[in-house]
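Just so it is clear, none of the values below were taken in a lab; they were calculated from the coordinates. Since the model is a prediction, treat every value here as computed from it, not as a measurement. All Cβ positions, glycine included, derive from the backbone under ideal geometry; neighbour counts span all protein chains shown.
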Amino acid sequence: MPQEGPDSQGLCWPKCIWFKCAKRALWIRGNTLWCNWSNENCIGSSCSYALCVRAKMLPQGRCGLVVKRVTTDKIKLEDFKLDVKIPGKLAQRIGDDKDLV
């Protein structure tokens, strides 16, 4: 029954092996996950006592194990222009007699 990772919507859920109840009130009753604290079915990541053992639960119950970080480079390669002067024989050996970058 335990699985690793989020559900199909990317949310943390009680069936994940890393999911934990801070009140230790999560019990398995047949095929349902039961909360002994509230005496009803476990509501998963929307519960205030829901934890991720790997500390990957993001706000709104998102699972950080599958979310990929989006980063952009502030400095681009075009910002660095090098004007290198190469002597004639060395430029001929390299095969480019123009400027080398």
Which residues, counting only those in segment 1-32, are surrounded by 19 or more Cβ atoms within 10 Å (Cβ to Cβ) and assigned to a strand (DSSP E or B)? C16, F19, L26
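Of the residues in segment 33-60, how many are of a type in the set (D, E, K, R) and assigned to a loop (DSSP other than H, G, I, E, B)?
Result for segment 33-60: 2.
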Given the criterion surrounded by 10 or more Cβ atoms within 10 Å (Cβ to Cβ), more than 26 Å from the chain's Cα centre (by Cα) and of a type outside the set (F, W, Y), identify the matching residue among L90, L58. L90
Can you confirm whether segment 62-81 contains a residue that is touching a residue at least 12 places away in the same chain (Cβ under 8 Å) and more than 17 Å from the chain's Cα centre (by Cα)? yes
